[in-house]
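Visitor: Would you mind keeping the following structure in view while I ask a few things?
The values are calculated or read from the model by the stated rules, or taken from the named source; none is laboratory data. Since we're looking at a predicted model, the values are computed, not measured. Cβ atoms come from the backbone with ideal geometry, glycine included; neighbour counts cover every protein chain shown.
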Amino acid sequence: MTAARIDRLRGQLPEWKADALVLTNPANRMYATGFSSYLGMPWSADCAIIGPDSVDLLVAAIHAGWARGESVVATDVVSHKGAYASSLAAFLEERGFRSVAVEADSLPYPEGNKLQDAFSGQIEFVSGLRDVLRTVKDESELALLREAAYITDAVFEEIAAGTLIGRTEADLARSISARLIENGDGLAFDVIVASGPNSARPHHRPSARTIQEREPIMIDMGARIGGYCGDLTRTLWVGDYDERFVAMYRAVLAAQEATKAVMTDGTPVREVGRAADQSLQDSGYGEYILHSVGHGVGLDIHEAPSIRSELDAVLESSSVVTVEPGVYMPDWGGIRIEDVVVVGSETCETITGASKLMTLQG
């Protein structure tokens, strides 16, 4: 697969009038070459240089052996000599490249300026490579995403079946994180456990608050497998049912189902976003919406396509997207239900399978 990905990138060189492309984003570099250092970080000094007939990895000396062992397409692995910008400029000139395209989305502004000063040739800073390259997943990517979803589901089921009441949010988050790491390659993101009023914060950081009965318990978690991310949110309730929770939960679940119903190839993302918002508006919870209904997921936990009502993009078959409507009531709590789906030509396939029935447990 990586050879085909390299060919796609080489096909862009004439458009940029460039002799080579420098990949600075760790996820894009892994996607193209297989070398995974700093995956999950926005930028690193390890970069890939893709020329017409070469694929070079210019890396920190401590990563050279790693790069040689992991990349199957690299024609050469070279260690940096000195600071990033001057080392990269010297390498490009040594290879005879006079005009290069440099991925700019993740390159720190000061490093871009230093590179322009150090390189005697022409530089074209390009953006949007992640969206062009990685929105549509191939079969190998889909297999890893399904495995990440499966492991995430299994850990959630295990945790939800255990004791929650009396534990702190932070303690429960640590247990979830440990099980995700034990069963996968690591965490897709920091686990969120938010209980009671804290669940009204979509990105709450787990605290020392003790989880109690008869309050929302929101858990957002994801395993990482082969670099690819799982993403699952369920909202639990322990004890006698609360009418407000049940009504809100049913509204959020209905919004998720309404959203999935329109997630097919060619559907504008604004229509997908509007489906979720309209469903929650119709249920009377529109004022409690705080975020968009979903985002792409792959090597990054947030990537294209973003599902927002103001965007002009359209869904494409084999893109992988979260569907996570939520409502958040200040001083009481919130409810979010999140699945990961694969977009198809006539419907979408939900690849997360953790139970939603156990969300209403007595």
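Visitor: Restricting attention to segment 68-80, does a residue exist that is crowded, with 16+ Cβ neighbours inside 10 Å and under 24 Å from the mean Cα position of the chain (by Cα)? Before you say what the answer is, go through the steps one by one.
Guide: Pass one, segment 68-80, residues crowded, with 16+ Cβ neighbours inside 10 Å: 70-71, 73-74, 77-78, 80.
Applying the additional criterion that residues be under 24 Å from the mean Cα position of the chain (by Cα) yields 70-71.
So far as segment 68-80 goes, yes, one or more of its residues are crowded, with 16+ Cβ neighbours inside 10 Å and under 24 Å from the mean Cα position of the chain (by Cα).
Visitor: A follow-up question, please. For segment 325-352, enumerate the residues that are within 24 Å of I192 (Cβ to Cβ) and either surrounded by fewer than 16 Cβ atoms within 10 Å (Cβ to Cβ) or among the polar types (S, T, N, Q) (or both).
Guide: P330, D331, T350, T352
Visitor: Within segment 67-82, does at least one residue satisfy the condition of being over 12 Å from V22 (Cα atoms), part of a helix (DSSP H, G or I) and of a type in the set (V, I, T)? Lay out the reasoning, then the answer.
Guide: As a first pass, look at segment 67-82 and keep what is over 12 Å from V22 (Cα atoms): 67-82.
The next check asks that each one be part of a helix (DSSP H, G or I); those that pass are 67-70.
Pick out the ones that are also of a type in the set (V, I, T) and you get none.
Within segment 67-82 (the criterion being over 12 Å from V22 (Cα atoms), part of a helix (DSSP H, G or I) and of a type in the set (V, I, T)), the answer is no, since none of the residues qualifies.
Visitor: Kindly check whether there is at least one residue in segment 283-297 that is in contact (Cβ under 8 Å) with a residue 60 or more places away in the chain and crowded, with 16+ Cβ neighbours inside 10 Å. Write out each step before concluding.
Guide: At the first step, the residues of segment 283-297 found to be in contact (Cβ under 8 Å) with a residue 60 or more places away in the chain are 290-291, 296-297.
With the extra rule that they be crowded, with 16+ Cβ neighbours inside 10 Å, the set shrinks to 296-297.
Yes, there is a match, as at least one residue in segment 283-297 is in contact (Cβ under 8 Å) with a residue 60 or more places away in the chain and crowded, with 16+ Cβ neighbours inside 10 Å.
Visitor: Let me ask something additional. When segment 205-226 is examined, which residues are found to be under 14 Å from W332 (Cβ atoms) and without any contact (Cβ under 8 Å) to a residue 60 or more places away in the chain?
Guide: Just the residues of segment 205-226 that are under 14 Å from W332 (Cβ atoms), to begin with: 212, 214-218.
Hits for segment 205-226 are Q212, R214, I217.
Visitor: Could you list all residues from segment 237-267 that are in contact with a helix residue (DSSP H, G or I) (Cβ under 9 Å, 6 or more places away or on another chain), touching a residue at least 40 places away in the same chain (Cβ under 8 Å) and not in a helix (DSSP H, G or I)?
Guide: W237, M263
Visitor: If you don't mind, another one. Pick out the one residue from V341, V327, V262, V272 that is under 22 Å from I151 (Cβ atoms) and of a type in the set (A, V, I, L, M).
Guide: Working: V327 fails: under 22 Å from I151 (Cβ atoms); V262 fails: under 22 Å from I151 (Cβ atoms); V272 fails: under 22 Å from I151 (Cβ atoms).
Answer to the check: V341.
Visitor: With of a type in the set (S, T, Y), buried (at least 19 other Cβ atoms within 10 Å of the Cβ) and assigned by TED's automatic domain parsing to the domain that holds W332 as the only criterion, which of S207, S195 stands out?
Guide: Result: S195 is the single residue among S207, S195 that is of a type in the set (S, T, Y), buried (at least 19 other Cβ atoms within 10 Å of the Cβ) and assigned by TED's automatic domain parsing to the domain that holds W332.
Visitor: Inspect segment 26-38 for any residue being in a strand (DSSP E or B), touching a helix residue (DSSP H, G or I) at 6+ places or on another chain (Cβ under 9 Å) and at pLDDT 95 or above and give the result as yes or no.
Guide: Step one: of segment 26-38, the residues in a strand (DSSP E or B) are none.
Taking every residue of segment 26-38 in turn, none turns out to be in a strand (DSSP E or B), touching a helix residue (DSSP H, G or I) at 6+ places or on another chain (Cβ under 9 Å) and at pLDDT 95 or above.
Visitor: Counting just the residues of segment 310-362 that are among the polar types (S, T, N, Q) and closer than 21 Å to D240 by Cα, which one comes out modelled with the lowest pLDDT? Steps first, answer last, please.
Guide: Filtering segment 310-362 for residues among the polar types (S, T, N, Q) gives 317-319, 322, 345, 347, 350, 352, 355, 359, 361.
Those still in the list that are closer than 21 Å to D240 by Cα too: 355, 359, 361.
Details: S355: 92, T359: 62, Q361: 54.
Going through the qualifying residues, I end up with Q361.
Visitor: Report yes if some residue within segment 174-181 is assigned to a loop (DSSP other than H, G, I, E, B), among the hydrophobic types (A, V, I, L, M, F, W, C) and either crowded, with 17+ Cβ neighbours inside 10 Å or modelled with pLDDT under 95 (or both); otherwise report no.
Guide: no
Visitor: Among the numbered criteria (1) assigned to a helix (DSSP H, G or I); (2) modelled with pLDDT of 95 or more; (3) surrounded by 15 or more Cβ atoms within 10 Å (Cβ to Cβ), which one does V102 miss?
Guide: Unmet for V102, out of (1) assigned to a helix (DSSP H, G or I); (2) modelled with pLDDT of 95 or more; (3) surrounded by 15 or more Cβ atoms within 10 Å (Cβ to Cβ): (1).
Visitor: I need a count of the residues in segment 180-215 that are touching an Asp or Glu at 6+ places or on another chain (Cβ under 9 Å) and under 29 Å from D240 (Cα atoms).
Guide: Count: 23.
Visitor: Regarding E124, is this residue under 24 Å from D7 (Cβ atoms) and assigned by TED's automatic domain parsing to the domain that holds A32?
Guide: Numbers: under 24 Å from D7 (Cβ atoms): yes; assigned by TED's automatic domain parsing to the domain that holds A32: yes.
The answer is yes for E124.
Visitor: Can you find a residue in segment 308-324 that is under 19 Å from D153 (Cβ atoms), free of Cβ contacts under 8 Å to residues at least 60 places away in the same chain and surrounded by 15 or more Cβ atoms within 10 Å (Cβ to Cβ)?
Guide: First pass over segment 308-324, keeping only residues under 19 Å from D153 (Cβ atoms): 320-324.
Keeping just the survivors that are free of Cβ contacts under 8 Å to residues at least 60 places away in the same chain gives 321.
Add one more test, that the residue is surrounded by 15 or more Cβ atoms within 10 Å (Cβ to Cβ), and what stays is 321.
Yes, because at least one residue in segment 308-324 is under 19 Å from D153 (Cβ atoms), free of Cβ contacts under 8 Å to residues at least 60 places away in the same chain and surrounded by 15 or more Cβ atoms within 10 Å (Cβ to Cβ).
Visitor: Tell me the residue from A149, A161 that is within 19 Å of I337 (Cβ to Cβ) and at pLDDT below 95, please.
Guide: Numbers: A149 fails: at pLDDT below 95.
Result of the check over A149, A161: A161.
Visitor: Conditions first: (1) on the phi < 0 side of the Ramachandran plot; (2) not in a helix (DSSP H, G or I). G166 passes all but one, so which condition is the exception?
Guide: (1)
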